[in-house]
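To keep things clear, I will list the structure first and then write my remarks on it.
The values are calculated or read from the model by the stated rules, or taken from the named source; none is laboratory data. Because the structure is predicted, anything quoted here is derived from the model rather than measured. So basically every Cβ, Gly included, is an ideal-geometry build from the backbone, and we count neighbours across all protein chains shown. Each accessible area value is taken on the protein alone, full model and side chains, heavy atoms only, with ligands, DNA and RNA left out. Shrake-Rupley method; radii C 1.70, N 1.55, O 1.52, S 1.80 Å.
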Amino acid sequence: KAGVTQTPRYLIKTRGQQVTLSCSPISGHRSVSWYQQTPGQGLQFLFEYFSETQRNKGNFPGRFSGRQFSNSRSEMNVSTLELGDSALYLCASSLEGRALETQYFGPGTRLLVL
Amino acid sequence: KNQVEQSPQSLIILEGKNCTLQCNYTVSPFSNLRWYKQDTGRGPVSLTIMTFSENTKSNGRYTATLDADTKQSSLHITASQLSDSASYICVVSGRGSTLGRLYFGRGTQLTVWP
């Protein structure tokens with residue numbers, strides 16, 4: 001089976017712009033979670049989608065949003081980019097997002113905001 | 001406040017030696033604790049998942065222990081190899097039927113020298 005894929009792998013944007021990141025989960029996985037990783041804060045949970053519905057959400061402003069399609073692929077959007085949004089954005093998938101399931105992470109999208 | 005603290009922040013050991021990484025948490029109610037390995041430039045990979053009823057779990061040369069009473073976990077690496085050089089992240093999940101809200105430690109950066 002192919003692993004979790006994320007596109008693009010690298011992205012450079014300027015303040016005020018918006019960006020859309022894409023994640024394709026492992027085939028058959030219906031739960032997709034998004035995380036932000038920075039050197040200062042480490043990994044932080046953004047949100048989780050299951051069956052096209054946002055099921056859980058972390059403490060991020062409304063500028064961060066996402067959606068999931070019927071084929072379980074997910075997109076994350078960040079509007080009005082700020083310098084502090086520069087980070088590695090990771091996507092992870094699991095079968096149904098149950099508490100003890102293994103999550104499989106993608107390689108991440110590295111976003112640089114200038 | 002739910003927190004996960006890891007120590008040491010960084011560690012350098014010689015190839016073939018053993019080492020132990022620590023994770024203390026205050027997340028309550030507690031569901032499970034995971035250890036991830038993250039190589040530079042890649043997404044995290046799951047090493048172990050333990051519930052409150054499990055005291056130890058092994059994955060090859062990696063052995064995780066959990067003391068739910070003292071809210072402490074450790075990851076022991078035996079006979080280290082150069083490929084063990086990575087960041088090791090402790091993740092705690094609050095009680096629930098889904099992955100839900102996850103609390104991340106900032107990781108221990110392990111460097112194995114030949």
Select from region A:88-114 the residues that are of a type in the set (D, E, K, R) and surrounded by fewer than 16 Cβ atoms within 10 Å (Cβ to Cβ) and write down the one among them that is nearest to A:Gly28 (Cα to Cα).
A:Glu96
From the residues in region B:72-106 that are at the interface with another protein chain (Cβ under 10 Å from one of its Cβ atoms) and in contact with a Gly (Cβ under 6 Å, 6 or more places away or on another chain), which one is most open to solvent (accessible area, probe 1.4 Å)?
B:Arg106
Top-ranked residue in region B:79-95 [being under 16 Å from the mean Cα position of the chain (by Cα) and modelled with pLDDT of 95 or more; ranked as farthest from B:Thr108 (Cα to Cα)]:
B:Ser80
Applying the selection to region A:70-87, what residues are open to solvent by less than 40 Å² (accessible area, probe 1.4 Å) and charged (D, E, K, R)?
A:Glu75, A:Asp85
